[in-house]
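Colleague: Please read through the structure below; I'll follow up with questions.
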Amino acid sequence: MSPIPNSMNSAYAIVTGASRGLGKAIAIELARKNIPLILVSSSDKISIVASEIKEQYQVNCIAIVCDLTQEENVLSLANQINEYYDVFLLVNNAGLGGTQPFEIAPIDYVNAIIQLNVMATSILTRQLISNLLRQKRSYILNVSSMAAFSPIGYKMVYPASKAFIRSFSLGLNAEFKSRGLSVSVVAPGAMATSPDIVRRINGQGFWGRLTLVAPEKVARKSICQTLKGRKEIVVNPLSYFFSQIVPQSIRTFLLTRVVRRETLL
Ligand SMILES: NC(=O)c1ccc[n+]([C@@H]2O[C@H](COP(=O)([O-])OP(=O)(O)OC[C@H]3O[C@@H](n4cnc5c(N)ncnc54)[C@H](OP(=O)(O)O)[C@@H]3O)[C@@H](O)[C@H]2O)c1
């Protein structure tokens, strides 16, 4: 376990989307480092997860239920946090995706992806930035995806939302790094985090399964590199290599073919 600087001990880390999957793995990784936590998700399950973590790792762990697709909820969450807590690490992990032909994708679903991935990440960051800057050293970890590197058919607005997160993070890092706030972005490939994602990855066949990484491994590497101030975190070297050497038009063609198989399940 890497030692945590003193200034971090009383300040909190916030993890959005921590009730399961990568967010829960990140919360556990931070709890193992004895970091007090504020965990957020839209369902009551977050209270159970917070209690389990508190009991197992003996760290302060606060659960907040908040539907982050609604701007007014994001604003009141940030107000509540700013009023009561010092924050040294913000992990914008909550995210939504899916695979569907765009012409039949429900409008509400398309909008929820944009609100959660783009609006909530930007507005929560904006509202917490003064709190983060008050700390001697602070960090933001934004969860993007390998999809940020390639437009992909049948993924609706998801790849574009993740490209937004990557660009947003790198810009913020350039703006705030010299003031003690470093901003990192991680681009995971496929992770088997829910039955729906497992079904989709299996539907992609060999290539989908080849690049699979466990969420616990992604969490460990992401937190370690974030606390070192690394701006861009690669957790899947094979997918990253593919994204860098294969021209974008070929990547988009190949990935769209692979993803299309999910829609035929
Ligand atoms: N899994 C993959 O293959 C993969 C690959 C690349 C990138 N990613 C990215 O990694 C992140 C985590 O993915 P994951 O697979 O761990 O996701 P997941 O298992 O679906 O979990 C999503 C988390 O977000 C919370 N959430 C969903 N809607 C919310 C809302 N409206 N307001 C607040 N919280 C909400 C969920 O909790 P509640 O249901 O309790 O709200 C849950 O805790 C996402 O940003 C995703 O895009 C995933």
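The values are calculated or read from the model by the stated rules, or taken from the named source; none is laboratory data. As the structure is a prediction and not an experimental result, all values here were calculated from the model. Note: ideal-geometry Cβ built from the backbone for every residue, glycine included; neighbour counts use all protein chains shown.
Colleague: How many residues does the stretch 6-21 hold that are within 9 Å of the ligand (Cβ to nearest atom) and not in a strand (DSSP E or B)?
Modeller: 5
Quick grid of which residues meet (1) part of a loop (DSSP other than H, G, I, E, B); (2) at pLDDT below 90:
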{"site": "Thr193", "(1), (2)": "yes, no"}
{"site": "Asn202", "(1), (2)": "no, yes"}
{"site": "Lys217", "(1), (2)": "no, no"}
{"site": "Gln225", "(1), (2)": "no, no"}
{"site": "Leu255", "(1), (2)": "no, no"}
{"site": "Arg261", "(1), (2)": "no, yes"}
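Colleague: What number of residues in the stretch 22-51 are part of a helix (DSSP H, G or I) and within 14 Å of the ligand (Cβ to nearest atom)?
Modeller: So the count comes out to 14.
Colleague: Hey, another quick one. Do any residues in the stretch 70-95 that are under 20 Å from Leu30 (Cβ atoms) have Cβ atoms under 6 Å from those of residues that are of a type in the set (Phe, Trp, Tyr), where the two are at least six apart or on different chains, and which pairs are they?
Modeller: Going by the 6 Å Cβ cut-off, the qualifying pairs are Tyr85/Tyr12; Val87/Tyr12; Leu89/Tyr139.
Colleague: Tell me the residue from Tyr158, Tyr109 that is surrounded by fewer than 19 Cβ atoms within 10 Å (Cβ to Cβ), at pLDDT 95 or above and within 14 Å of the ligand (Cβ to nearest atom), please.
Modeller: Matching residue, one of Tyr158, Tyr109: Tyr109.
Colleague: Also, I was wondering about something else. Name, by its number, the condition in (1) touching a residue at least 24 places away in the same chain (Cβ under 8 Å); (2) β-branched (Val, Ile, Thr); (3) closer than 26 Å to Ser19 by Cα that does not hold for Val198.
Modeller: Answer for Val198: the failing condition is (1).
Colleague: Pick from Lys221, Lys217: which is charged (D, E, K, R), surrounded by fewer than 15 Cβ atoms within 10 Å (Cβ to Cβ) and closer than 30 Å to Leu90 by Cβ?
Modeller: Lys217
Colleague: So, Asn82, is that one farther than 28 Å from Gln225 by Cβ and either surrounded by fewer than 18 Cβ atoms within 10 Å (Cβ to Cβ) or within 15 Å of the chain's Cα centre (by Cα) (or both) or not?
Modeller: no
Colleague: Could you tell me whether Thr263 is among the β-branched types (Val, Ile, Thr), closer than 28 Å to Thr16 by Cα and touching a Ser or Thr at 6+ places or on another chain (Cβ under 8 Å)?
Modeller: So Thr263 does not fit the description; no.
Colleague: List, please: which pairs have Cβ atoms under 8 Å, are six or more places apart or on different chains, and start with a residue in the stretch 50-61 that is over 10 Å from Leu39 (Cβ atoms) and β-branched (Val, Ile, Thr) and end with one that is modelled with pLDDT of 95 or more and in a loop (DSSP other than H, G, I, E, B)?
Modeller: Hits for this filter: Val59/Asn34; Val59/Ile35; Val59/Pro36.
Colleague: Then there's this: Would you check if Ser144 is in contact with a helix residue (DSSP H, G or I) (Cβ under 9 Å, 6 or more places away or on another chain) and farther than 25 Å from Leu255 by Cβ?
Modeller: So Ser144 does not fit the description; no.
Colleague: Continuing with the same structure: Return the residue satisfying two criteria in turn: it lies in the stretch 224-265 and is polar (S, T, N, Q) and crowded, with 16+ Cβ neighbours inside 10 Å, and of such residues it is farthest from Phe176 (Cα to Cα).
Modeller: My answer is Thr252.
Colleague: Mind checking which residues of the stretch 54-75 are within 12 Å of the ligand (Cβ to nearest atom) and touching a strand residue (DSSP E or B) at 6+ places or on another chain (Cβ under 6 Å)?
Modeller: Selection gives Ala63, Ile64, Cys66.
Colleague: Of all residues in the stretch 227-247 being at pLDDT 95 or above and assigned to a helix (DSSP H, G or I), which is farthest from Leu37 (Cα to Cα)?
Modeller: So the residue we want is Ile245.
Colleague: Identify the residue in the stretch 116-147 that is surrounded by fewer than 20 Cβ atoms within 10 Å (Cβ to Cβ) and within 12 Å of the ligand (Cβ to nearest atom) and, among all such residues, is nearest to Gly97 (Cα to Cα).
Modeller: Among them, the one singled out is Val118.
Colleague: I'm checking my understanding of the structure. Among residues of the stretch 161-206 that are charged (D, E, K, R) and within 16 Å of the ligand (Cβ to nearest atom), which one is surrounded by the most Cβ atoms within 10 Å (Cβ to Cβ)?
Modeller: By that ranking, first place goes to Lys162.
Here's the yes/no breakdown for (1) more than 28 Å from Ile81 (Cα to Cα); (2) in a strand (DSSP E or B); (3) in contact with a strand residue (DSSP E or B) (Cβ under 7 Å, 6 or more places away or on another chain):
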| residue | (1), (2), (3) |
| --- | --- |
| Asn111 | no, no, no |
| Asn117 | no, no, no |
| Thr121 | no, no, yes |
| Ile129 | no, no, no |
| Leu132 | no, no, yes |
| Pro151 | yes, no, no |
| Tyr154 | yes, no, no |
| Lys162 | no, no, no |
